[in-house]
Amino acid sequence: MNVCPSVAMAFMGVTLLESCSSGGDDEADNGGGGNSNNQGYTVNGNTVVITLSHSTFATLNSNGWMNFTAQKMLILKIDASTYRAFTNSCPHQGVRTKWSYNSSQDKFKCGEHNNSYPTDCTTNGDAGGKLNCYTSSYSAGKLTVIKS
């Protein structure tokens, strides 16, 4: 007998502008603003600050990259203090969830049609277009990404 507080309040004639949901993994998002510290990152406008030691980002440390779906970006670890961030929307058809990374070629590959995209932020991929790069900086265990 779990009832969303918004639904319960509506029965009493009070309306609230919120919805009930249950999130999971790195999918938790706060609508582009506010604080998601329990998920290891915060969002303020188009700036995302990621605490790299948080368990949500463990795959970034073990694999050297991750698809951060909650913020719709790919993150690539270049070395201990250098990271690059990109949109996770494939330039070919906008697919966001079928990415892999080939470290020997330094390319992300979209599994939808097997198109590859270099991580240098300037070179076009197989199907034309390039991954949109975001400005990123690292300091004191935190990665700051400005999505623009």
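The values are calculated or read from the model by the stated rules, or taken from the named source; none is laboratory data. Computed from a predicted structure; not experimentally measured. Note that we place each Cβ from the backbone using ideal geometry, even for glycine, and neighbour counts take in every protein chain shown.
Here is a yes/no grid of residues against (1) modelled with pLDDT of 95 or more; (2) part of a loop (DSSP other than H, G, I, E, B); (3) within 30 Å of Gly129 (Cα to Cα):
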{"residue": "Met1", "(1), (2), (3)": "no, yes, no"}
{"residue": "Gly13", "(1), (2), (3)": "no, yes, no"}
{"residue": "Glu18", "(1), (2), (3)": "no, yes, no"}
{"residue": "Ser21", "(1), (2), (3)": "no, yes, no"}
{"residue": "Thr59", "(1), (2), (3)": "no, no, yes"}
{"residue": "Met66", "(1), (2), (3)": "yes, no, yes"}
{"residue": "Leu76", "(1), (2), (3)": "yes, no, yes"}
{"residue": "Arg84", "(1), (2), (3)": "yes, no, yes"}
{"residue": "Val95", "(1), (2), (3)": "no, yes, yes"}
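Looking at Thr42, is it among the β-branched types (Val, Ile, Thr) and part of a helix (DSSP H, G or I)?
When the stated conditions are applied, Thr42 does not pass them.
Residue pairs whose Cβ atoms lie under 6 Å apart, sitting 6 or more positions apart in sequence or on different chains, and linking a residue in segment 87-104 that is without any contact (Cβ under 8 Å) to a residue 40 or more places away in the chain and among the basic types (Lys, Arg) to a partner that is assigned to a loop (DSSP other than H, G, I, E, B) and surrounded by 16 or more Cβ atoms within 10 Å (Cβ to Cβ), are Arg96/Asn88; Arg96/Ser89.
Being surrounded by fewer than 18 Cβ atoms within 10 Å (Cβ to Cβ), assigned to a strand (DSSP E or B) and either hydrophobic (A, V, I, L, M, F, W, C) or touching a strand residue (DSSP E or B) at 6+ places or on another chain (Cβ under 8 Å) (or both) is a property that holds for Thr144.
Can you tell me which residue within segment 130-141, out of those that are farther than 20 Å from Ala58 by Cβ and touching a residue at least 12 places away in the same chain (Cβ under 8 Å), is surrounded by the most Cβ atoms within 10 Å (Cβ to Cβ)? Filtering segment 130-141 for residues that are farther than 20 Å from Ala58 by Cβ and touching a residue at least 12 places away in the same chain (Cβ under 8 Å), the one surrounded by the most Cβ atoms within 10 Å (Cβ to Cβ) comes out as Leu131. Against the criterion of being modelled with pLDDT of 50 or more and among the charged types (D, E, K, R), Asp29 does not qualify.
Scanning segment 105-129 for residues that are modelled with pLDDT under 95, in a loop (DSSP other than H, G, I, E, B) and buried (at least 17 other Cβ atoms within 10 Å of the Cβ) turns up just one, Gly125.
The single condition among (1) farther than 12 Å from Thr47 by Cα; (2) in contact with a Lys or Arg (Cβ under 9 Å, 6 or more places away or on another chain) that Phe108 does not satisfy is (2).
Of the set (1) free of Cβ contacts under 8 Å to residues at least 24 places away in the same chain; (2) surrounded by fewer than 20 Cβ atoms within 10 Å (Cβ to Cβ); (3) in contact with a helix residue (DSSP H, G or I) (Cβ under 8 Å, 6 or more places away or on another chain), all apply to Met66 but (2). Scanning segment 98-148 for residues that are within 17 Å of the chain's Cα centre (by Cα) and polar (S, T, N, Q) gives Ser100, Thr119, Asn132, Thr135, Ser136, Ser137, Thr144, Ser148.
The set of residues from segment 54-68 being polar (S, T, N, Q) and either over 23 Å from Gln105 (Cβ atoms) or touching a Cys at 6+ places or on another chain (Cβ under 6 Å) (or both) comprises Ser55, Thr56.
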